[in-house]
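Encoded as structure tokens, the structure appears first; notes follow it.
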Amino acid sequence: MAEFTLDCLGEACPVPLMKTEKKMADLKVGDVLVVSIDHSCAMKNVPEWARKQGHNVEIEEIADGEWEVVIEKTK
Amino acid sequence: MGQIHRPESSGGRNRAPRKPKKSQLPIALLVTILVVGFGFYLNQYNDKMVVYLLFGLSFGVILQRSRFCFTASLRDPCITGSTSVTRAVLIACSLATIGFTAIKYSAFAGGNPIPGMDNVGQISFALVIGAVLFGIGMVIAGGCASGTLMRVGEGFTMQMLSLVFFVIGSLWGAHDMGWWRTNVIKESPSVFLPDVFGWLGALLVQFLIILLLYMAAVKWQEKKMGSAE
């Protein structure tokens, strides 16, 4: 049940999504990945992708225009 | 395992302490007053300017709030297989088709010159090459024209740089377009669908194409992601 972080601040869309995709492949089931993003477009497609993959996703706005997407790997 | 990891319970160790959020209400009020003032200022020069301002602002707000992105509509099917934004753009295109047809047909039926005919461009290989270049550029820059403008407004620093080069590129393109029109693509045909199929036929052809693309988008996502949701 390890927790990993992925810093994608300042990265434009599609980069956060591609990094998340790669990172998720390394994680074990039950692990949690926290992705920090500040590009509004990634706010949509990262959670959307993760939910469609069947993972548990939570979004938190930690500051104005800065989000943390918390993804728990379920399979 | 199995239980959902709440961020509250898992956080704290290696998470940055949350900054208290400042209220943005004063800024919102100030900007609203400035916009209204700017509207009155523009109204002195031209009646239509305020309407343009209003449309521009509405467009920006809708674009930002809906996270609408033309780049994502063409990029996400390739990266993740998700076509939800693609389908949103297709619906937007069909709505725009109705609006454009209404404006153009009413001008045509009234015997007036049809507005916007300058924008019916020639179809040529230059268009294909240009479209591919634009596609590569918008994926690297992280947004097309409207997306870049919207994110500059949101304060995304990298795309302020995109905006500078977007302006330079647009000016260069506008400067040389005349040369391309007279020298390279002079013989290329420009097609205005109502001239070919008639007004009703053009509408039918357009909607048929959009419908086929929509169905293809649904099938694509079902194949890539297992569901069309």
With open to solvent by 30 Å² or more (accessible area, probe 1.4 Å), modelled with pLDDT under 85, within 23 Å of B:Gly155 (Cα to Cα) and within 12 Å of the chain's Cα centre (by Cα) as the only criterion, which of A:Lys19, A:Lys44 stands out? A:Lys44
Residue count, the range B:194-207, condition under 22 Å from the mean Cα position of the chain (by Cα) and either part of a loop (DSSP other than H, G, I, E, B) or not aromatic (Phe, Trp, Tyr) (or both), comes to 2
Find all pairs meeting these conditions: Cβ atoms under 6 angstrom apart; at least six residues apart or on different chains; first residue within the range B:194-220 and farther than 24 Å from B:Ser106 by Cβ; second residue hydroxyl-bearing (Ser, Thr, Tyr) and assigned to a helix (DSSP H, G or I). B:Ala217/B:Thr86
Sort out which residues of the range A:44-61 are touching a residue at least 12 places away in the same chain (Cβ under 8 Å) and either facing another protein chain (nearest Cβ under 7 Å) or over 20 Å from B:Leu63 (Cα atoms) (or both), and write them in order of number. A:Asn45, A:Trp49, A:Ala50, A:Gln53, A:Gly54, A:His55, A:Asn56, A:Val57, A:Glu58, A:Ile59
Quick check: anything in the range B:170-185 hydroxyl-bearing (Ser, Thr, Tyr) and either part of a helix (DSSP H, G or I) or within 13 Å of chain A (Cβ to nearest Cβ) (or both)? yes
Restricting the search to the range B:118-144, which residues are open to solvent by 40 Å² or more (accessible area, probe 1.4 Å), in a helix (DSSP H, G or I), of a type outside the set (Phe, Trp, Tyr) and more than 14 Å from chain A (Cβ to nearest Cβ)? B:Asp118, B:Asn119, B:Leu127, B:Val128, B:Ile129, B:Ala131, B:Val132, B:Leu133
Closer than 22 Å to B:Cys69 by Cα and open to solvent by 30 Å² or more (accessible area, probe 1.4 Å): which single residue out of A:Glu11, A:Glu58 fits that description? A:Glu11
Name the pairs: first residue in the range B:62-79 and within 15 Å of A:Met18 (Cβ to Cβ) and more than 11 Å from chain A (Cβ to nearest Cβ), second residue surrounded by fewer than 19 Cβ atoms within 10 Å (Cβ to Cβ) and not small (Gly, Ala, Ser), Cβ to Cβ under 7 Å, at least 6 apart or on different chains? B:Pro77/B:Trp220
Which pairs turn up if I take residues in the range A:12-25 that are closer than 16 Å to B:Cys78 by Cα and free of Cβ contacts under 8 Å to residues at least 60 places away in the same chain and look for partners that are among the aromatic types (Phe, Trp, Tyr) and in a helix (DSSP H, G or I) with beta carbon separation below 7 Å, at least 6 apart in sequence or on another chain? A:Leu17/A:Trp49
In the range B:149-165, what count of residues is obtained for those that are under 16 Å from B:Thr71 (Cα atoms) and open to solvent by 70 Å² or more (accessible area, probe 1.4 Å)? 1
Number of the condition not met by B:Pro194 [criteria: (1) in contact with a strand residue (DSSP E or B) (Cβ under 6 Å, 6 or more places away or on another chain); (2) surrounded by 16 or more Cβ atoms within 10 Å (Cβ to Cβ); (3) not aromatic (Phe, Trp, Tyr)]: (1)
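The values are calculated or read from the model by the stated rules, or taken from the named source; none is laboratory data. Every value quoted in this text rests on a predicted model; they were computed, and no experiment measured them. Cβ: placed from backbone, ideal geometry, glycine included. Neighbour counts: every protein chain shown. We work out accessible area using only protein heavy atoms, side chains counted, and drop any ligands, DNA or RNA first. Shrake-Rupley method; radii C 1.70, N 1.55, O 1.52, S 1.80 Å.
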